[in-house]
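Visitor: Structure incoming, see below.
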């Protein structure tokens, strides 16, 4: 990383780049099967409309064009019926929801680098053998997808503990915005996989995404390290800058247990959980159900327009980056407190889409209005990175992985709930009146969820972030106080 005694990239810049590509590939490993299955089998069209997997497949596949261009003779396609397809598509979430919370806690104990890196490594290997599993039996795909979800579920909360030791508090919004690179990955994965299927075959989707992710995993372990102190190539200047900003002066003991009672009774924690659940529920509903609404109500196939299909993903990532830079600037300059910053940006990112859904109730019969409103809602939602998304690092950096794991476990059910809701409301009743009910539900969820954060959210460090060790007096446990506060106390004494 150096030449002529000068650094090309700082260790934090390398970490940023690796995390950006990591989340892009993370999402590619998640959706590649939903894209490929369009041409792998004969009976995708019989999958129930309410199923999340089918909706996702439609949203990411680019529609029937891939099927037409796949070049696979009908007799060579798999004889998978609707039930089998639903099972394969949905099995990913069986494992995914199991490891959100354990993955976050594990990252707090052993380090985010290990958890995120190994999750991606194993997921990459599993992706490479999906074609073999498909030719073996559909149950093999079900098992493989469930295990794949198991590993990828642990990866998301692992980034928060890594952030806690590598990124100064006033720069964390910008770093957390890297998680939204998953949206960028979705936008890029769609056309690439479509091209590979049309020119090489569906197997290439798994070999390409799995191979690139495997290469990324190897590089990750070569250039990323758990802490600045363990990085062999970090300069003394950069290490001192990070450790001084975080307050990592001297050896400090991490809590050996989670204060579950304090955590479960904490209003700021529940503010994060409820708002995250509302935000993800809205995202799943808009992204997965928009193609269905546009097709059946407005007679407009949004999937046939590549730009309109990808625009929301690019827009969400752009908003994530811009809002996070602004949020950290406002906090650094003292213009806004951390609490005020988190609440303002959360309201902007989650409450505003709620009001847009109310407009959709009255303007949704117009295709231009509908596409514009949905696109704007997803664009604004990208600002969650400046709001609640990294708030766990503000209130309890020692347990930020656990908090995000709790929030993401709840939100993971959002896709199932939204698909079931739309299915119940519109089954054999695809009318604008029924979709107006969907929009009203979205509006209420967005507004109530964001209101919970505005009322209960906080940017202040919580006292239970440093619980005393069991059987140890408060005086003996003083090394558990925030590191920067401990340094200040030493100066005063």
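Visitor: Counting only residues that are exposed (fewer than 14 other Cβ atoms within 10 Å of the Cβ) and modelled with pLDDT under 90, how many does region 245-298 have? Give the steps one after another, and end with the answer.
Guide: To start, the set of residues in region 245-298 that are exposed (fewer than 14 other Cβ atoms within 10 Å of the Cβ) comprises 250-251, 253-254, 256-257, 260-261, 264-265, 267.
Of the ones still in play, those that are also modelled with pLDDT under 90 are 250-251, 253-254, 256-257.
Looking only at that region, the number is 6.
Visitor: Quick check on residue 471: is it surrounded by fewer than 20 Cβ atoms within 10 Å (Cβ to Cβ), in a loop (DSSP other than H, G, I, E, B) and either modelled with pLDDT of 50 or more or touching a helix residue (DSSP H, G or I) at 6+ places or on another chain (Cβ under 8 Å) (or both)?
Guide: Considered against the rule, which asks whether it is surrounded by fewer than 20 Cβ atoms within 10 Å (Cβ to Cβ), in a loop (DSSP other than H, G, I, E, B) and either modelled with pLDDT of 50 or more or touching a helix residue (DSSP H, G or I) at 6+ places or on another chain (Cβ under 8 Å) (or both), residue 471 comes out as yes.
Visitor: Inside region 423-433, can you point out the residues that are within 15 Å of residue 294 (Cβ to Cβ) and in contact with a helix residue (DSSP H, G or I) (Cβ under 7 Å, 6 or more places away or on another chain)?
Guide: Passing the criteria: 426, 430.
Visitor: So is residue 434 closer than 22 Å to residue 362 by Cβ and either touching a strand residue (DSSP E or B) at 6+ places or on another chain (Cβ under 7 Å) or not in a helix (DSSP H, G or I) (or both) or not?
Guide: Details: closer than 22 Å to residue 362 by Cβ: yes; either touching a strand residue (DSSP E or B) at 6+ places or on another chain (Cβ under 7 Å) or not in a helix (DSSP H, G or I) (or both): no.
So residue 434 does not fit the description; no.
Visitor: Taking the criterion of being more than 24 Å from residue 104 (Cα to Cα), surrounded by 16 or more Cβ atoms within 10 Å (Cβ to Cβ) and modelled with pLDDT of 95 or more, would at least one residue in region 200-207 satisfy it?
Guide: Yes; the residues of region 200-207 include at least one that is more than 24 Å from residue 104 (Cα to Cα), surrounded by 16 or more Cβ atoms within 10 Å (Cβ to Cβ) and modelled with pLDDT of 95 or more.
Visitor: Which numbered condition trips up residue 104, out of (1) modelled with pLDDT of 90 or more; (2) surrounded by 24 or more Cβ atoms within 10 Å (Cβ to Cβ); (3) under 21 Å from residue 210 (Cα atoms)?
Guide: Among (1) modelled with pLDDT of 90 or more; (2) surrounded by 24 or more Cβ atoms within 10 Å (Cβ to Cβ); (3) under 21 Å from residue 210 (Cα atoms), residue 104 violates only (3).
Visitor: Still on this model: I'd like to verify a number: residues in region 330-379 that are surrounded by 15 or more Cβ atoms within 10 Å (Cβ to Cβ) and more than 30 Å from residue 299 (Cβ to Cβ), how many?
Guide: Residues that pass the stated criteria total 16.
Visitor: Checking residue 244 against (1) in the same structural domain as residue 112 (by TED's automatic domain parsing); (2) assigned to a helix (DSSP H, G or I), only one condition comes out false. Which one?
Guide: The one condition residue 244 does not meet is (1).
Visitor: Picking from 410, 393, 380, which residue would you name as being within 16 Å of residue 274 (Cα to Cα) and either under 18 Å from the mean Cα position of the chain (by Cα) or modelled with pLDDT of 90 or more (or both)?
Guide: 410
Visitor: Moving on to the next point. For region 299-317, give me each residue that is buried (at least 22 other Cβ atoms within 10 Å of the Cβ) and modelled with pLDDT of 70 or more.
Guide: Listed by number, the residues that qualify are 312, 313, 316, 317.
Visitor: Taking the condition assigned by TED's automatic domain parsing to the domain that holds residue 412, touching a helix residue (DSSP H, G or I) at 6+ places or on another chain (Cβ under 6 Å), farther than 25 Å from residue 274 by Cβ and not in a loop (DSSP other than H, G, I, E, B), does residue 321 pass? Reasoning before the result, please.
Guide: On the way: assigned by TED's automatic domain parsing to the domain that holds residue 412: yes; touching a helix residue (DSSP H, G or I) at 6+ places or on another chain (Cβ under 6 Å): yes; farther than 25 Å from residue 274 by Cβ: yes; not in a loop (DSSP other than H, G, I, E, B): yes.
Judged against the criteria, residue 321 is a match.
Visitor: If you don't mind, another one. If you go through region 1-52 one residue at a time, how many are assigned by TED's automatic domain parsing to the domain that holds residue 207, more than 15 Å from residue 88 (Cβ to Cβ) and at pLDDT below 85?
Guide: 3
Visitor: Next up: Against the definition (farther than 27 Å from residue 457 by Cα and surrounded by fewer than 20 Cβ atoms within 10 Å (Cβ to Cβ)), how does residue 424 come out, yes or no?
Guide: yes
The values are calculated or read from the model by the stated rules, or taken from the named source; none is laboratory data. As the structure is a computational prediction, the values presented were derived from the model and not from experiment. Note that we place each Cβ from the backbone using ideal geometry, even for glycine, and neighbour counts take in every protein chain shown.
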